[in-house]
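Undergrad: Handing you this structure, nothing more for now.
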Number of protein chains: 2
Amino acid sequence: MTVRKIEVRERVMARNDELAAQVRDRLAGHGITAINLMSSPGAGKTTLLERTLAVLAEPLDIAVVAGDVQTQNDADRLAAHTGRLVQAIVTGGACHLDALQVNDALDHIDLDKTRLLIIENVGNLVCPASWDLGEKARVVLFTVTEGDDKPLKYPKMFEKADWVVLTKTDLLPYVPFDMQRAVQNCLQINPKLRFIQVSAMSGHGMDEWFDFLRQSVGPMAGV
Amino acid sequence: MTVRKIEVRERVMARNDELAAQVRDRLAGHGITAINLMSSPGAGKTTLLERTLAVLAEPLDIAVVAGDVQTQNDADRLAAHTGRLVQAIVTGGACHLDALQVNDALDHIDLDKTRLLIIENVGNLVCPASWDLGEKARVVLFTVTEGDDKPLKYPKMFEKADWVVLTKTDLLPYVPFDMQRAVQNCLQINPKLRFIQVSAMSGHGMDEWFDFLRQSVGPMAGV
């Protein structure tokens, strides 16, 4: 029973990796940079994305694949800012996006008019870490309200990430969160991680986040 | 491929339900009430549990099965308050506890000296909802920093829950969270849900939470 389960899982993962490679080739063919945005539920992915689209949707030709939607709410919030939004609704208790869903979503996006693809994954700090979506960079949002020990408790997500965006920094005065310890905990899991601190509410750090996105776009992208 | 995956998943779930029924019988045989505590990462499960054990570990003969530990930190925090703590470490990116792990954990607990078993599930608002652990009640922690739309985005967790504990209420003045809308969103998914509001930091609402646990223990338990 267990052996069978593992066998099937391995084949499913191998198939996903093949599809992710296809997605990566397809995006490269159009000069598109893809970012896989992951976090716990409620870490602020949609709000960060809303603020981002308001400023950069046009200048960076951003398209969005949003997986974190069981409701229409998020899609409506994002659609106000970009004409190129595709929902990949995950049903039946699915806990992550996979490369097949992203590949299907690309069929509905004008890739010639896209430079940056942002994939908003399902709110989950465990499962999405295992699924390659063909992205160039993985960004994990880490909220100061979650506690500075989270990288040690959910190591795979931080091990596989390229960037950590610490969100809701406006709440720092009210929560027991040691920023220095949080960064140390991240680096203990993955010494190559880079960091941005933002508050989408106050606007703090948003310029740095925008600069990161601007630099990630184009053939010489350095993400 | 997909068919095979679904077949295996169905058999795994069916086997889990059998084991959960065994756990339920085993607990009933000892007059033990089990509570399955679930939430997003960083919603405050461990802190709530720490405060709870400090007050009720002895009077209610509480034992704990903690699944939300990739590190020793949480176990150390909880072990300071109860001699009956069993870690069920979930490895390899596992995203939930299952009934087999709980059944195995029970072998290491003195069931004759236990009245209340608290199962601290993995921090994840998706996957744990699908796995019966033999509990009597499911409690989902819902933090005010997550946003009041979370029940609509993660409906299965709220559909399957019995109680919602709204945590970190001390942060309400600093976050855009409408408590009335949050409760309405919960009830839209599951009209039978009951609610407790707490702040483990300020102590607000903790008496109500303690009363819920006291009432849940014993042969006439009303959870």
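Undergrad: On the given criteria, is B:PHE195 under 17 Å from the mean Cα position of the chain (by Cα), part of a helix (DSSP H, G or I), surrounded by fewer than 19 Cβ atoms within 10 Å (Cβ to Cβ) and among the aromatic types (Phe, Trp, Tyr)?
TA: Details: under 17 Å from the mean Cα position of the chain (by Cα): yes; part of a helix (DSSP H, G or I): no; surrounded by fewer than 19 Cβ atoms within 10 Å (Cβ to Cβ): yes; among the aromatic types (Phe, Trp, Tyr): yes.
For B:PHE195, the condition - under 17 Å from the mean Cα position of the chain (by Cα), part of a helix (DSSP H, G or I), surrounded by fewer than 19 Cβ atoms within 10 Å (Cβ to Cβ) and among the aromatic types (Phe, Trp, Tyr) - is not met.
Undergrad: Of everything in the range A:132-173, what is of a type in the set (Phe, Trp, Tyr) and at pLDDT below 95? Give them in sequence order.
TA: Taking the range A:132-173 first, the residues of a type in the set (Phe, Trp, Tyr) are A:142, A:154, A:158, A:163.
Listed by number, the list holds a single entry, A:TYR154.
Undergrad: Tell me, which residue of the range B:147-173 that is in contact with a Leu (Cβ under 6 Å, 6 or more places away or on another chain) and either more than 7 Å from chain A (Cβ to nearest Cβ) or in a helix (DSSP H, G or I) (or both) is farthest from B:GLY205 (Cα to Cα)? Talk me through it step by step, then tell me what you get.
TA: To start, the set of residues in the range B:147-173 that are in contact with a Leu (Cβ under 6 Å, 6 or more places away or on another chain) comprises B:154, B:157, B:164-165, B:167.
Adding the requirement that they be either more than 7 Å from chain A (Cβ to nearest Cβ) or in a helix (DSSP H, G or I) (or both) leaves B:157, B:164-165, B:167.
Details: B:MET157: 23, B:VAL164: 13, B:VAL165: 10, B:THR167: 9 Å.
Per the criteria, the residue is B:MET157.
Undergrad: Separate question: Considering A:ALA43, A:ALA34, which residue is in a loop (DSSP other than H, G, I, E, B), under 14 Å from the mean Cα position of the chain (by Cα) and either free of Cβ contacts under 8 Å to residues at least 24 places away in the same chain or under 24 Å from A:CYS127 (Cα atoms) (or both)? Give the steps one after another, and end with the answer.
TA: Working: A:ALA34 fails: in a loop (DSSP other than H, G, I, E, B).
Result: A:ALA43 is the single residue among A:ALA43, A:ALA34 that is in a loop (DSSP other than H, G, I, E, B), under 14 Å from the mean Cα position of the chain (by Cα) and either free of Cβ contacts under 8 Å to residues at least 24 places away in the same chain or under 24 Å from A:CYS127 (Cα atoms) (or both).
Undergrad: Next up: Of the conditions (1) away from every other protein chain (no Cβ under 12 Å); (2) in a strand (DSSP E or B), B:GLU135 satisfies every one except a single condition; which number is it?
TA: Single failed check for B:GLU135: (2).
Undergrad: Scan the range B:62-78 and tell me whether some residue there is outside any helix (DSSP H, G or I), modelled with pLDDT under 90 and small (Gly, Ala, Ser). Let's see the steps before the verdict.
TA: Within the range B:62-78, the first condition is being outside any helix (DSSP H, G or I), and the residues that meet it are B:62-72.
Narrowing further to those that are modelled with pLDDT under 90: B:66-72.
Okay, now just the ones that are also small (Gly, Ala, Ser), so B:66-67.
Looking for residues that are outside any helix (DSSP H, G or I), modelled with pLDDT under 90 and small (Gly, Ala, Ser), one finds at least one in the range B:62-78, hence yes.
Undergrad: For the range B:91-121, which positions are part of a loop (DSSP other than H, G, I, E, B) and out of contact with any helix residue (DSSP H, G or I) (no Cβ under 6 Å at 6 or more places or on another chain)? Outline the logic, then answer.
TA: First pass over the range B:91-121, keeping only residues part of a loop (DSSP other than H, G, I, E, B): B:91-98, B:107-110, B:114-115, B:121.
B:THR91, B:GLY92, B:ALA94, B:LEU97, B:ASP107, B:HIS108, B:ILE109, B:ASP110, B:THR114, B:ARG115 - these are the residues of the range B:91-121 that are part of a loop (DSSP other than H, G, I, E, B) and out of contact with any helix residue (DSSP H, G or I) (no Cβ under 6 Å at 6 or more places or on another chain).
Undergrad: Only one of these conditions is not met by A:GLU18: (1) outside any helix (DSSP H, G or I); (2) over 30 Å from B:LEU100 (Cβ atoms); (3) at pLDDT 95 or above. Which number is it?
TA: With respect to (1) outside any helix (DSSP H, G or I); (2) over 30 Å from B:LEU100 (Cβ atoms); (3) at pLDDT 95 or above, A:GLU18 is out only on (1).
Undergrad: Also, I was wondering about something else. Return the residue satisfying two criteria in turn: it lies in the range B:161-192 and is touching a strand residue (DSSP E or B) at 6+ places or on another chain (Cβ under 6 Å) and not hydrophobic (A, V, I, L, M, F, W, C), and of such residues it is surrounded by the most Cβ atoms within 10 Å (Cβ to Cβ).
TA: B:LYS168
The values are calculated or read from the model by the stated rules, or taken from the named source; none is laboratory data. Source: prediction; values computed, not measured. All Cβ positions, even for glycine, are placed from backbone atoms using ideal geometry, and neighbour counts span all protein chains on display.
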